[in-house]
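Notes follow the structure.
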Amino acid sequence: QVQLVESGGGSVQPGESLRLSCAASGGIFSIDTMGWYRQSPGKDRELVASITSVGTTTYSDSVKGRFTISRDNAKKTAYLQMNNLRFEDTAVYYCKTIARRSYFSTPNSYWGQGTQVTVSS
């Protein structure tokens, strides 16, 4: 069973930084895209950033220039470096990966359990 374990969330003040990690495990043959999403109370889950297996990145307009997504393919881990955090970045951050269990299997999406990021003064 594919598992995603997120870590690195916490409470910070505006302008500070956090680094989230997402480690995938459990019989993975290959990982295509890895991404970070977030959800605030009363809002839909939204894409924050994603990165393909060859390193192509996508960011939401609200985090461009502040957040950086990266991945270590050997460790099956994605990272989200979040700088200059703002009040509006407060949310539960979820990791999502699209992975294959074998060469012949179709890719499936997997989600982590989420990690809370709170920005407050």
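The longest part of the chain holding none of the exposed loop trypsin sites (Lys or Arg not before Pro), meaning those outside H, G, I, E and B in DSSP with at most 14 other Cβ atoms within 10 Å, is 1-42. About its Cα centre, the chain has a charge dipole of approximately 260 debye under the convention of +1 per Lys or Arg Cβ and -1 per Asp or Glu Cβ, with nothing else charged. In the chain, a dipole from Cβ-located charges (positive for Lys and Arg, negative for Asp and Glu) runs towards its positive end, and of Tyr37, Tyr79, Tyr110 it is Tyr110 whose Cα lies farthest in that direction. Loop-located chymotrypsin sites (Phe, Trp or Tyr not before Pro) in the range 1-102 (DSSP state not H, G, I, E or B) with no more than 15 neighbouring Cβ atoms inside 10 Å: Phe29. Stokes-Einstein diffusion for the chain at 25 °C, viscosity 0.890 mPa s, with a Kirkwood radius from C-alpha pairs, works out to 170 µm²/s. What percentage of the solvent-accessible surface of the chain, computed with a 1.4 Å probe over protein heavy atoms, is contributed by carbon and sulfur atoms? Result for the chain: 48 percent of the exposed heavy-atom area is carbon or sulfur. Bridges between two residues of the chain, per DSSP, are antiparallel at a rate of about 95%. Protein heavy-atom accessible surface, 1.4 Å probe, per residue over the chain: 53 Å². Count the net charge of all other residues whose Cβ sits under 13 Å from the Cβ of Thr57, scoring Lys and Arg as +1 and Asp and Glu as -1. Result for the local shell: +2.
A cut-off under 10 angstrom between Cβ atoms defines the neighbours of Pro107, and their net charge, with Lys, Arg +1 and Asp, Glu -1, is +1. Counting only residues at least eight positions apart within a chain, or on another chain, the lysines with an alpha carbon under 16 Å from that of Lys76 are Lys96. Taking every alpha-carbon pair under 8 Å whose residues sit at least 6 apart, the chain reaches a relative contact order of 36 percent.
The values are calculated or read from the model by the stated rules, or taken from the named source; none is laboratory data. All figures in this text were calculated on a predicted structure; none of them were measured in a lab. Note that each Cβ is placed from the backbone with ideal geometry, even for glycine, and that neighbours are counted across all protein chains shown. With ligands, DNA and RNA removed, areas are computed over all heavy atoms of the protein, side chains included. Shrake-Rupley method; radii C 1.70, N 1.55, O 1.52, S 1.80 Å.
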